[in-house]
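I have placed the structure first, in the form of structure tokens, so that the comments after it can refer back to it.
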Amino acid sequence: MSAEVDKLSQFLDVSRSLSRGREVNELCRSVASGLMRTGLDRCSVVVGVEYDRDVPSVGQGMAIGDVNPEMRQVHLHALHVTADYPTIQRIVRNREPVLVEDVETDERLTDREREFMLKLGVQSVIVCPMVSRNRVTGYILAEKRIKRGFTTDDLGLYQAIADYAAAAIETARIVTTMEQQIEDRTREVAIFHALAENATYGVWMATPEGVVNYANRATHQIFGYEYEDAGDKREMIGLPVNRFLTPQVRGQFEAQWRSLLEGKAWQNEFDGLCKDGSTFSLLMVAFGILDAQGNPLAVASINLDVTEQKQLEAEQDRLNREIINAHEQLIGELSAPLIPVTESILVLPLVGTVDSVRAQQIMESLLEGVENYDAQVVIIDITGVPVLDTAVANHLIQIANAASLLGAKTVLVGIVPRVAQTLVELGVDLSIITTRNNLQGGVEYALRTQGLRIAPIA
């Protein structure tokens, strides 16, 4: 009876020491310390660091107890591959303790295991798996340096200690993991808050029901609501999202809400509605945030006031149009330059292709020149026109007819033999237009119609 009371007292002693620990390392040291108080010569607490399903494939010596202080650092924090120690491997797989009364003669031990223990002076050992919720957390070795140092009754004590230690270690691991996750999430929240609060663009989040539960400083500024850094006055919090949209946009946004709750993203540019009722050009990118099961947690949005940008774009478009118009006007003037020879004679040299657009520019320039100069004769020089086909000839005929309506006669010069042959083959009739071989002949003809001629200076 006294032996049972003594074992119970020893178990309670270890249990009390475990109840004071929170971290795995601290708990392992408490287990080793408690085990040594049961009269052991040496003990080891090995915790799994790598697993094959629910069984450690690699263990680490987290705590060592030894009556010889010089031996307490031997194998401390050393890694042990479970497969290298078949006896240990059977123990953790079967989840049952084993008593080895004589290390030198026990046939269950391999030569490697026997050598490992004898080097430490161990003559008898109890190995107990630490099992919590059907998961082997590790194992303990209770060792003595005498043969047959344990009885079968000792198995119950050390297995009870191993089970209690397993539960404490597993709980500590869970708590440590949760604390780390909380710390990580807290850090992530702090980083997000710092980024969002210092962002120059608006960031807001809303519940799946569409109520704003976060809006940064820039969002309040964009929409014209009050925001206090060191206070609770953030007017947008608690308001429905559609409060910040014009009536014309609300229906469109509400139609997208269901897809946002499914985790999809949406981007659009429309009018935003300020607190005072004014509107501005708003670029919004919204997206849904889901939990691990795919359920909607929130809808987030990034907002940018692009009013100034839109105004700059409009101004740039206006300037571009003015530049284009000026270029077109300059090109038009250069494409049909009028050169006055005398007060009543104009020369219009043409260079390049003459299409319908340019023909219209030529006609407008020529008629304007005839009217301004009160010209009687217009000489059109087509020496620089590479192609003179039916279409170009028709354009020239139309120009001559238009000039004649203002009282000006048209003279066409610069028709080379090749072009003349092409016109004949095409059946183009230029009989209504006076033609000359070159510009000199055209000028001489025009002067004669005005009773003038070219004469050398005496």
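Quick notes on this structure:
- Distance between the modelled labels on Val341 and Glu322, one decimal in nanometres: 4.1 nm (7 Å Cα→Cβ projection).
- Local electrostatic count at Met117 - Lys and Arg +1, Asp and Glu -1, tallied over other residues with Cβ under 15 Å: -3
- Stretch gain in nm, segment Asp84-Leu452, where the contour uses 0.36 nm per residue and the Cα spacing is subtracted: 120.1 nm
- Counting 0.36 nm for each residue step from Gln181 to Ser33 and taking away their Cα separation leaves a gain of 50.2 nm.
- Other residues lying with their Cβ under 12 Å from the Cβ of Val306 contribute a combined charge of -4, Lys and Arg counting +1, Asp and Glu -1.
- Cβ-based exposure ranking for Ile454, Ile169, in which fewest neighbours within 10 Å come first: Ile454, Ile169
- For the peptides 156-163, 75-82, 426-433, 88-95, residues were scored by their other Cβ atoms within 10 Å and the scores averaged per peptide; the highest-first order is 156-163, 88-95, 75-82, 426-433.
- Hull-based mean projected area of segment 2-176, where the convex hull spans the alpha carbons, in square nanometres: 9.2 nm²
- Local electrostatic count at Arg258 - Lys and Arg +1, Asp and Glu -1, tallied over other residues with Cβ under 14 Å: -2
- Subtracting the Cα-Cα distance of Asn437 and Thr353 from 0.36 nm times their residue separation leaves 28.2 nm of extension gain.
- Inter-label distance, nm, simple model (7 Å from Cα along the C-beta direction), Arg108/Arg93: 1.5 nm
- In terms of its Cα atoms, segment 336-449 spans 37, 30, 22 Å along the principal axes, sorted from long to short.
- Exposure proxy order (Cβ contacts within 10 Å, fewest to most) of Phe244, Phe270: Phe270, Phe244
- Sorted largest first, extent of segment 200-305 alpha carbons per principal axis (Å): 38, 33, 22
- Helix-only CD estimate at 222 nm, as mean residue ellipticity for the chain, using -39500 (n - 2.57) per DSSP H run (n ≥ 4): -14500 deg cm²/dmol
- Least to most buried among Ile222, Ile289 (fewest other Cβ within 10 Å first): Ile289, Ile222
- Scanning the chain for DSSP H helices at least 20 Å long along the axis (C-alpha atoms) with a Kyte-Doolittle mean no lower than -1.0 picks out 2-19, 152-197, 247-261, 356-373, 390-405.
- Per-residue packing, averaged as other Cβ atoms within 10 Å, sorts the ranges 127-133, 302-308 into the order 127-133, 302-308, beginning with the highest.
- Separation of segment 31-88 from segment 367-397 is 108 Å, based on Cα centroids.
- Excluding same-chain neighbours fewer than eight residues apart, the lysines reachable from Lys233 by a Cα-Cα span under 29 Å are Lys275.
- Segment 28-69 - Rg over Rh from alpha carbon coordinates, Kirkwood radius: 1.10
- Proximal aspartates and glutamates to Lys310, defined as alpha-carbon separation beneath 20 angstrom and excluding residues fewer than eight positions away on the same chain: Glu269, Asp271, Glu322
- Positive-end residue, the chain charge dipole about Cα centroid, Cβ charges, pick of Gly451, Gln267, Val416: Gln267
All of the numbers you see were taken from the coordinates with simple rules; none came from a lab. Predicted model, so just to flag it, every value in this text is computed and none were measured. We place every Cβ from the backbone using ideal geometry, glycine too, and count neighbours over all the protein chains shown.
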